[in-house]
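One structure is given below, encoded as structure tokens.
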Amino acid sequence: MGALDPPALDLVVLGAGIIGLCAAEAALRARPGLRLALVDPRPPGHDQGASHGSERIIRATYADPALVADTLRCRAEHWPALEALLGQPLITPGPAVFWGPEDGPLPAYAAAVAAAGAPIEALSAAEARRRCPSMTFAGAERVLWDHAAGVIHADLVLAGLAARVERLGGQRVQAAALGLAPDPVGLRVDTSAGPLRAAAGLLCLGGWLGGLRPASAPVAVPVRQHVGFWPMDVAPGRSPAWVHLGRDALHYGLPARGGGLMKAALHATGAGRPPDDPDAPIRPDPVALAAVEEQLRAWFQPGPGPLRRAEVCLYANAPGDAFFIEPLPELPSALQVAACSGHAFKLAPLVGARAAEWALARV
Ligand SMILES: Cc1cc2nc3c(=O)[nH]c(=O)nc-3n(C[C@H](O)[C@H](O)[C@H](O)COP(=O)(O)OP(=O)(O)OC[C@H]3O[C@@H](n4cnc5c(N)ncnc54)[C@H](O)[C@@H]3O)c2cc1C
């Protein structure tokens with residue numbers, strides 16, 4: 001250890017999006033007095049990454065029974081615990097509906113939720129229209145009605161977690177991690193504000209992971225998402241969130257907080273094109289938004305009013321939309337937490353708890 005080396009920390013968490021915040025909060029809650037640094041060059045809730053905006057869907061309908069089970073556990077245990085810790089409701093319960101052609105992904109979803117015994121009904125399209133007259137369910141033979149769903153108030157979660165991490169003694173470092181190296185205490189992180197040393201590290205960098213560790217690029221491919229908000233007679237709790245499972249594309253939408261607006265977008269995979277630059281300036285794509293609006297006109301009666309506003313967001317896509325949470329072979333005291341592909345917010349408390357557990361076993 002050189003004379004100029006900083007004193008060692010217990011844990012350094014790189015990235016303060018929802019995954020990094022959940023991991024830092026879980027580690028500090030489990031180990032009071034933990035010397036923890038949470039490193040991010042941007043302020044909480046910034047609009048350059050994947051975690052901003054006021055709402056996200058929580059649903060248990062997945063094509064993988066393990067993900068169905070994880071989401072049900074998160075819904076039943078982790079989210080209520082977080083609501084109690086943050087002292088406010090974070091989810092407005094309400095149904096989510098899934099439909100699409102029978103030669104698309106829908107049958108796999110139906111089989112997985114049945115296998116997991118999830119509280120999800122397979123309705124006829126007629127019954128789904130009876131329950132939700134504003135939706136056409138055009139071309140559908142059946143509709144999955146997810147009773148374990150709801151709207152997560154994402155911005156309240158982020159703000160509440162950021163405040164709680166500081167209250168629990170987490171040190172916020174507004175800097176960028178520039179490099180990783182082994183160190184006698186565990187790892188060394190060179191940052192734009194100077195070096196940090198810690199017994200363990202968590203890499204929760206979303207679409208920036210490949211920039212810090214190129215070997216991780218294939219499991220965190222940055223793909224921009226163009227999201228619109230259209231005037232419609234919807235509200236959380238009263239109107240369902242929805243997912244159309246097309247043969248070649250998935251679209252989703254949910255009522256925005258406060259009602260009167262539908263948030264909707266294509267789930268862009270980025271297949272067949274180069275990754276986006278996560279640091280590039282962001283501009284909503286009017287062509288992409290117009291294509292979504294056209295779908296809304298096919299799926300809703302009455303259709304939407306003219307686009308009210310738009311936002312851009314960043315997926316970090318991985319093969320099969322899977323999560324790649326594993327120690328770095330070259331730096332065993334660091335854990336890569338590559339968990340996004342456009343669906344990790346609902347699972348963040350569980351992913352964060354598992355990452356914290358891994359780290360605390362090394363501290
Ligand atoms: C449009 C959209 C809709 C979505 N809808 C849903 C939904 O309905 N339900 C759901 O469950 N999920 C949804 N998701 C997915 C979910 O929001 C993401 O999976 C989740 O936010 C990922 O969080 P993260 O912390 O991994 O990434 P991010 O929030 O991107 O955090 C990464 C952080 O790393 C920081 N960083 C970058 N470089 C460095 C560096 N060198 N050093 C330190 N820090 C650095 C960044 O500033 C950033 O804050 C959606 C995502 C998008 C984009």
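The values are calculated or read from the model by the stated rules, or taken from the named source; none is laboratory data. This is a predicted model, so every value here is computed, not measured. A quick note on method: Cβ atoms are made from the backbone with ideal geometry, for glycine too, and the neighbour counts reach across all protein chains shown. Each accessible area value is taken on the protein alone, full model and side chains, heavy atoms only, with ligands, DNA and RNA left out. Shrake-Rupley method; radii C 1.70, N 1.55, O 1.52, S 1.80 Å.
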Could you tell me which of 317, 290, 246 has its Cα farthest along the dipole of region 239-342 towards the positive end, charges placed at Cβ (Lys, Arg +1; Asp, Glu -1), taken about the Cα centre?
-> 290
Between the alpha carbon centres of region 284-363 and region 201-234 the gap in Å comes to 6
Hey, what angle do you get for helix 154-167 against the long axis of the chain, alpha-carbon based, 0 to 90 degrees rounded to 10?
-> 20
So what is log10(I(q)/I(0)) for region 112-222 at q = 0.16 1/Å, when the Debye sum runs over its Cα atoms only?
-> -0.91
Quick one: putting +1 on the C-beta of Lys and Arg, -1 on the C-beta of Asp and Glu, what dipole do you get for region 79-148 around its Cα centre, in Debye to the nearest 20?
-> 200
For region 167-253, just list the percent of Cα-Cα distances falling in each 5 Å bin from zero outward, please.
-> 3, 10, 13, 14, 13, 10, 9, 10, 10, 6, 2, 0
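Would you mind working out the magnitude of the charge dipole of the chain relative to its Cα centre, with +1 at each Lys and Arg C-beta and -1 at each Asp and Glu C-beta, to the nearest 20 Debye? Show your work: numbers first, answer last.
Details: 31 positive and 33 negative charges, 139 e Å.
Computed charge dipole of the chain: roughly 660 debye.
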Nearest 10, in degrees from 0 to 90: the angle of helix 286-299 to the longest Cα principal axis of the chain is 40
Please report, in whole Å, how far the alpha carbons of region 180-325 spread along each principal axis, starting with the longest.
-> 64, 34, 27
Hydrodynamic radius by Kirkwood for the chain, inverse mean 1/r across distinct Cα pairs, in Å, is 21.1
Once you have the alpha carbon radius of gyration of region 211-274, what is it after dividing by 2.2 N^0.38 Å, with N set to its residue count?
-> 1.45
Multiply the residue gap between residue 108 and residue 307 by 0.36 nm, knock off their C-alpha separation, and tell me the result in nm, one decimal place.
-> 68.3 nm
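Counting DSSP beta bridges in region 212-329, what percent are antiparallel, to the nearest 5?
Details: 23 of 24 bridges.
Approximately 95 percent, going by the DSSP bridge assignments.
Contact order normalised by length for the chain, with contacts defined as Cα pairs under 8 Å and 6 or more residues apart; what percent is it?
25
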Carbon + sulfur, % of accessible area of the chain - ligands and nucleic acids excluded, 1.4 Å | 57
Nearest-ten-degree value, helix 106-116 long axis tilted from longest Cα axis of the chain | 60
For the chain, accessible area per residue (1.4 Å probe, heavy atoms of protein chains only), Å² | 40
Only Lys, Arg (+1) and Asp, Glu (-1) charged, at Cβ; region 282-363 dipole about Cα centre in debye = 280
Projected label distance in nm at residue 47 and residue 138, using a 7 Å step from Cα toward the beta-carbon = 3.1
